[in-house]
Amino acid sequence: MAVFTPVSDDDARTLLANFDLGDLVSLRGITAGIENTNYFLITTRGEYVLTLFEVLTQAQLPFYIELMHHLASRGVPVPQPQTLRDGSRLTSLHGKPCAIVTRLPGGYEPAPGAAHCALAGATLARAHLAARDFPLQQPNLRGLAWWVETGPKVLPFLDAAQAQLLTRELDDQQRVAATPAWQALPCGPAHCDLFRDNVLFAGTFEDPLMGGIIDFYFAGCDTWLFDVAVSVNDWCTERENGVFVPSLLQAWLQAYAAVRPFTDGERQAWPHMLRAAALRFWLSRLYDYFLPRPAQTLKPHDPRHFERVLQARHRPGLPALP
């Protein structure tokens, strides 16, 4: 992610003294993203990622860290948080909460094919099922309440047509979320941000291997269908116009459903959920674009992409769930 907080080699050595991870070999900042400070950390014992949390509080973080630990212990390919000598998995650096997790193999695929989509869909379904007995509870902090709070903050930056689209969608999502059918949808711990750059692949493009799912720091308890909608809105969408690529969408959804079949209620909710997922990221990108935080290395995403996705999800003929 963006480097908001500088970390020196000496800082890293002091931090590593609290772990049993060997001695520092190298430290390199990761410049992509907009939420936390991340560094690749190589020691004499292995390769890790050091994260300093710029927004999440010490009280919020156990949900994310322990969820990753829970999933990793059940064989789901996610970063494994490292345990300090005192038995905890969270500490602090420069006044910021921080953690060290294992670095997973592979890299992200910017133009995924059907095989990548199938691997991602099946792995997310495995994660959902593995998290069913996770004991901690925390809502999706970028869920409906955040949308309602953030909408008025970005409205002054929009033209009339954009403001109308945003206002109508917020009203519609609040109405649907209050219905018993929506509240009965299967739910539990969810990643909530499973874009293509949050999944790593090894192998080749023609024969990819799952490296793992990373960046759980937007996770929360939400409907699993929202997690699916967030994912396919990125993985299976044409950049130019926001419409789905049918072959990619079919591969993603069928692989997920083979592990966790969709319910009739989820099939009914699907069109609204696709719009909810598009709205969430249109709002967050508008906010980051027009109201950014200072950072040494910051590349905000273009909010117009998810405006196009939201518009495309309002058109007739959306593919149904399998």
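The values are calculated or read from the model by the stated rules, or taken from the named source; none is laboratory data. None of the values given here were measured: they were computed from a predicted structure. Positions of Cβ are generated from backbone atoms using ideal geometry, with glycine treated the same way; all protein chains shown enter the neighbour counts. Please note that ligands, DNA and RNA were not included when accessible areas were found on the heavy atoms of the full protein model with its side chains. Shrake-Rupley method; radii C 1.70, N 1.55, O 1.52, S 1.80 Å.
Being farther than 28 Å from A125 by Cβ and loosely packed, with under 12 Cβ neighbours inside 10 Å is the requirement here; does A178 meet it?
When the stated conditions are applied, A178 does not pass them.
Among the residues of segment 73-99 satisfying the criterion of being of a type outside the set (S, T, N, Q) and open to solvent by 60 Å² or more (accessible area, probe 1.4 Å), which is farthest from N36 (Cα to Cα)?
R74
If I filter segment 22-72 down to residues being open to solvent by 10 Å² or more (accessible area, probe 1.4 Å) and aromatic (F, W, Y), which single residue comes out as nearest to L104 (Cα to Cα)?
The qualifying residue nearest to L104 (Cα to Cα) is Y48.
Hey, does segment 86-100 have a residue that's farther than 26 Å from A277 by Cα, part of a loop (DSSP other than H, G, I, E, B) and of a type in the set (D, E, K, R)?
If we filter segment 86-100 for residues that are farther than 26 Å from A277 by Cα, which is where we start, we get 86-100.
From what's left, part of a loop (DSSP other than H, G, I, E, B): 86-90, 94-95.
Checking which are of a type in the set (D, E, K, R) leaves us with 86, 89.
Looking for residues that are farther than 26 Å from A277 by Cα, part of a loop (DSSP other than H, G, I, E, B) and of a type in the set (D, E, K, R), one finds at least one in segment 86-100, hence yes.
Are there any pairs, at least 6 apart or on different chains, whose C-beta atoms fall under 6 Å, with the first in segment 212-235 and within 20 Å of L318 (Cα to Cα) and the second of a type in the set (D, E) and open to solvent by less than 10 Å² (accessible area, probe 1.4 Å), and if so, which?
Correct list of pairs: L225/E266.
Could you list, ordered by first residue, the pairs with Cβ atoms under 8 Å in which the first is in segment 186-206 and without any contact (Cβ under 8 Å) to a residue 60 or more places away in the chain and of a type outside the set (G, A, S) and the second is open to solvent by less than 60 Å² (accessible area, probe 1.4 Å) and assigned to a strand (DSSP E or B), at least 6 apart or interchain?
Short answer, once both residue conditions are applied: C187/C221; C187/D222; C187/T223; C192/G220; C192/D222.
Output the residues belonging to segment 133-154 that are without any contact (Cβ under 8 Å) to a residue 60 or more places away in the chain, exposed (fewer than 14 other Cβ atoms within 10 Å of the Cβ), farther than 18 Å from P189 by Cα and of a type outside the set (D, E).
Selection gives P152 alone.
Got at least one residue in segment 239-249 being at positive phi and either touching a residue at least 24 places away in the same chain (Cβ under 8 Å) or buried (at least 23 other Cβ atoms within 10 Å of the Cβ) (or both)? Give the steps one after another, and end with the answer.
Of segment 239-249, the ones at positive phi are 242.
Right, trim to either touching a residue at least 24 places away in the same chain (Cβ under 8 Å) or buried (at least 23 other Cβ atoms within 10 Å of the Cβ) (or both) and you get 242.
There is at least one residue in segment 239-249 that is at positive phi and either touching a residue at least 24 places away in the same chain (Cβ under 8 Å) or buried (at least 23 other Cβ atoms within 10 Å of the Cβ) (or both).
Considering only residues that are crowded, with 19+ Cβ neighbours inside 10 Å and free of Cβ contacts under 8 Å to residues at least 60 places away in the same chain, which ones fall in segment 100-122?
V101
Restricting attention to segment 241-253, does a residue exist that is of a type in the set (S, T, N, Q), in a loop (DSSP other than H, G, I, E, B), under 18 Å from A277 (Cβ atoms) and out of contact with any Cys (no Cβ under 8 Å at 6 or more places or on another chain)?
Yes, segment 241-253 has at least one match.
Report whether or not D222 is buried (at least 17 other Cβ atoms within 10 Å of the Cβ), among the charged types (D, E, K, R) and in contact with a strand residue (DSSP E or B) (Cβ under 8 Å, 6 or more places away or on another chain).
yes
Residues in segment 222-236: is at least one in contact with a Ser or Thr (Cβ under 8 Å, 6 or more places away or on another chain) and assigned to a strand (DSSP E or B)?
Residues of segment 222-236 in contact with a Ser or Thr (Cβ under 8 Å, 6 or more places away or on another chain): none.
No: segment 222-236 contains no residue that is in contact with a Ser or Thr (Cβ under 8 Å, 6 or more places away or on another chain) and assigned to a strand (DSSP E or B).
Among the residues of segment 217-256 satisfying the criterion of being of a type in the set (D, E) and closer than 25 Å to V101 by Cα, which is nearest to the chain's Cα centre (by Cα)? Spell out how you get there, then give the answer.
Let us first name the residues in segment 217-256 that are of a type in the set (D, E), namely 222, 227, 234, 238, 240.
Still in the list and also closer than 25 Å to V101 by Cα: 222, 227.
On the way: D222: 13, D227: 9 Å.
The selected residue is D227.
Spot the failing condition for F281; the list is (1) surrounded by 23 or more Cβ atoms within 10 Å (Cβ to Cβ); (2) within 18 Å of the chain's Cα centre (by Cα), and only one is missed.
(1)
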